[in-house]
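Here's the structure, in C-alpha cells; my notes come after.
Laboratory data are not the source of any read-out in this text; all were calculated from the coordinates shown. Bear in mind the structure is a predicted one, so any value in this text is a computation, not a measurement. In this analysis, Cβ positions are derived from the backbone assuming ideal geometry, glycine residues included, and neighbour counts consider all displayed protein chains.
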Amino acid sequence: MNSSTPNPLALVAEVTHRCPLHCVYCSNPLELTKRENELPAAAWVRVLREAAGLGVLQVDFTGGEPLARPDLIDLVRAGRSAGLYASLITSGLPLDEKRLDELVAAGLDHFQLSFQGAHEESAAEYSGTRTHAQKLRVAEWVKRRRVGLTLNFVIHRQNLAELEDMVALAEKIGPGRVEFAHVQYYGWAFENRARLLPTREQLNRSLEIIEKAEERLRGRIRVEYVVPDYYAKYPKACMGGWGRKVLLVKPDGDVLPCHAANVLPGMKFENVQKRSLREIWQESDAFQKYRGEEWMPELCRTCDRRAQDFGGCRCQAFLLAHDAGATDPVCSKSPQRSIVDSILADTNPASSSGHDFSRAEKGLAHGVSTPEAIVPDLSAAAPPSSAWLYRPNPK
Amino acid sequence: MSVPDQERRPRLAVGCRLNEKSQQQRVLLMPERALRLNGPSLEIIERCDGNHTVRQIVTELQKLYSKAEPEKVEEDILGYLARLHEQRALDFE
C-alpha cells in the first residue's frame, strides 16, 4: 500500500441496474447486472460501514433506479447511521408519499430528481416512458418535507430548444439546487452520440441562457452546469482524478473508480464479497493503475495542468483513441485531438474551421459529475423512435 | 454579494448539516459537496441555528478570538455568511 493514498470522500452505490426508464443516454454499462446478481441488503450495510471507516463522507444511492429496490429504506438508514450524508439520485418512481416519508425518517439528506425534458412529450421520447407528470408530483412532495432537493435536467442536441422552459420549470418548483448537465458520451450515450451531441451554436446559446439564469436566481437556487467536454479546450478532471476521491460499487459488488471503467480492456475489478473496501481502494490493481502521475504519458507528466485534470478521462481516451493510457483526446494538446475535431466537424458541417473553445471552457470549472440516467412504467412505454437505441431493463 | 443584515438569524439550509461530533474532521455536508471547517468556521456554523442573530455571532466570536482585531473578525464573518448564503447552504430568517 502506498502511504500517500488519499481517503475516498464519496461512495457511488449503484444498488441496482433495474430501472423503469429507458433513457437513450443512460450512463450504465451496455452490459447490465442481472437482478439475481445484486448484492443483498446485508452486504450493502457492511459496504456502507466500511466506506465510512475509510473516510467517505457522502453516499449517492443510484442505479439504475434505486427506488426499484424494496429494501432501499434499510440502506439509507444504514448509510446515515454509519455517519454518511445520504443522497438519492432518482427518477422519482416508484414512489408515493408514504414511502417518501419513510425515506426521510430513515435519514435521507438529499433528493436529486432527474428530468428528461421540460414537457411530457419530449421527456417521453428520451426516456422511453411517460413519467414527467409523476416527477412534477414528486418534486412537490419533496418540497413539503425537510430534505434537500436538486433538480437534474439532462440536456442534449434534441432538447436544448427547451432549455428556457426547463429554467422556468426549475424556478417554479424552487429547489435549493438545479443542475443542467449535458450528456456525457459513455454507455448508451456513446452509442447514441450522433443524435445527442449539440452544435457549437446550440452550446453557446445554452451558456448564455444558463448565465442569465444563474444571475437571476442567485441566492435562491444554486445553478450548476456540466458542459459536453468535446467542445472544451482541456479535459474534465474525471471523478476528481482516478482513485483520488470517489469509488463506485456496482450492483453485484464490483468496485470501480468510475461509472464507465468496465469498458477498459484487461481491467480486473475486485468485489466487496471477497475483500474489504479498504484493501480494494488502497491495493487493488484497478485503483492503482491510473492513480498518481507515473502512468501518465510524457505530455501529461510535464504539463502544468496535471494536478487539475489528471490527464482527463481514461474511459474517454479508450473510447475515442483506443488507448486508456493516452492523454484524453479532448485535450487541445493531445496528438489525437483530431479525432474529436472530426466528430465536431460532422456535427457542425457549415461552421468555419478552427477551434472555438472559449465559451465551453468556462462551464468546465463546475464539474465532473456524470449525468445520472433515470426511470419507467413499462406498460406506458412510448413507441420507440427507430433512430434511438433505448436502454433495456436487465433480466 | 450582499452583506447580511445584523438582526437576521442564519440557519443551515435544508439538505445541509454538520457531520457527527465524534468524527475527527468536522465538515459541513451539502448536496454534492462538503466544506472542511477549521476552528473559527466551525464556531460560526455551530451558531447558524436559527436562534443566534448575525450580530450575536459576531459578538461571541470577537470574544472567543479576542486577540484578533474586532473589525477584522466581523468582516470575515459577514463575508463567510454571505458566501454560504450564495451557495444555498444558509437561509436568513
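From the Cα gyration tensor of region A:218-304, with a ≥ b ≥ c the square roots of its eigenvalues, which class applies: rounded if a/c is under 1.5, or else prolate if a/b is larger than b/c, or else oblate? If you can, show how the numbers build up before the last one.
Values: a/c = 2.18, a/b = 1.31, b/c = 1.66.
Cα axes put region A:218-304 in the oblate bin.
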Cα convex hull of region A:148-271: mean projected area in nm², to one decimal?
9.5
PRE reach from B:E75 (point 7 Å along Cα→Cβ): which of region B:44-58 fall under 18 Å by backbone N?
B:58
Using 1/(1 + (r/R0)^6) with R0 = 51 angstrom and r between the beta carbons of B:E93 and A:N7, what's the FRET efficiency to the nearest 0.05?
0.90
Would you mind telling me which residue in B:L35, B:L81, B:L12 has the biggest mean-square fluctuation in a Gaussian network model of chain B, where springs connect alpha carbons within a distance under 10 angstrom?
B:L35
Just rank A:W281, A:W242, fewest to most, by other beta-carbon atoms within 10 angstrom.
A:W242, A:W281
For a quick check: sort A:H119, B:H52 by the number of other beta carbons within 10 angstrom, fewest at the front.
A:H119, B:H52
Only bridges with both residues in the protein assembly as shown count here: give the DSSP antiparallel percent, nearest 5.
30
Taking 8 Å as the Cα distance limit and 6 or more residues as the minimum spacing, I'd like the relative contact order of chain A as a percentage.
25
Which of the aspartates and glutamates could be linked to A:K333 by a straight reach, that is with a Cα gap under 18 Å, when you skip same-chain ones fewer than 8 residues away?
A:D229, A:E293, A:E298, A:D304, A:D309, A:D323, A:D341, A:D356, A:E361
Taking the square root of 5 times each eigenvalue of the Cα gyration tensor, what semi-axes in Å does the equivalent ellipsoid of the protein assembly as shown have, largest first?
34, 26, 26
Run the numbers on chain B and let me know its relative contact order in percent, using alpha-carbon pairs under 8 Å that are six or more apart.
42
Options A:L389, A:L256, A:C331, ranked by Cα towards positive dipole end of chain A, top entry (Cβ charges)
A:L256
Give me the lysines in straight-line cross-link reach of B:K72: C-alpha distance below 19 Å, same-chain residues under 8 apart excluded.
B:K63
Of the DSSP H helices in chain A, those whose Cα atoms cover at least 18 Å axially and whose Kyte score averages -0.5 or more
A:41-54
Using only helices, what value at 222 nm comes out for the protein assembly as shown when you add -39,500 (n - 2.57) per DSSP H run of length 4 or more and divide by the total residues, to the nearest 500 deg cm²/dmol?
-10000 deg cm²/dmol
If you filter region A:21-116 for GluC sites (Glu not before Pro), then keep DSSP loop positions with at most 15 other Cβ within 10 Å, what is left?
A:E31
Positive-end extreme of charge dipole, region A:77-195 - chosen from A:G128, A:F180, A:G79 (charges on Cβ):
A:G79
Arranged by the count of other C-beta atoms within 10 angstrom, fewest first, what order do B:S66, A:S334 take?
B:S66, A:S334
List the lysines whose Cα sits under 29 Å from the Cα of A:K172, skipping any in the same chain fewer than 8 residues away.
A:K98, A:K135, A:K143, A:K212, A:K362
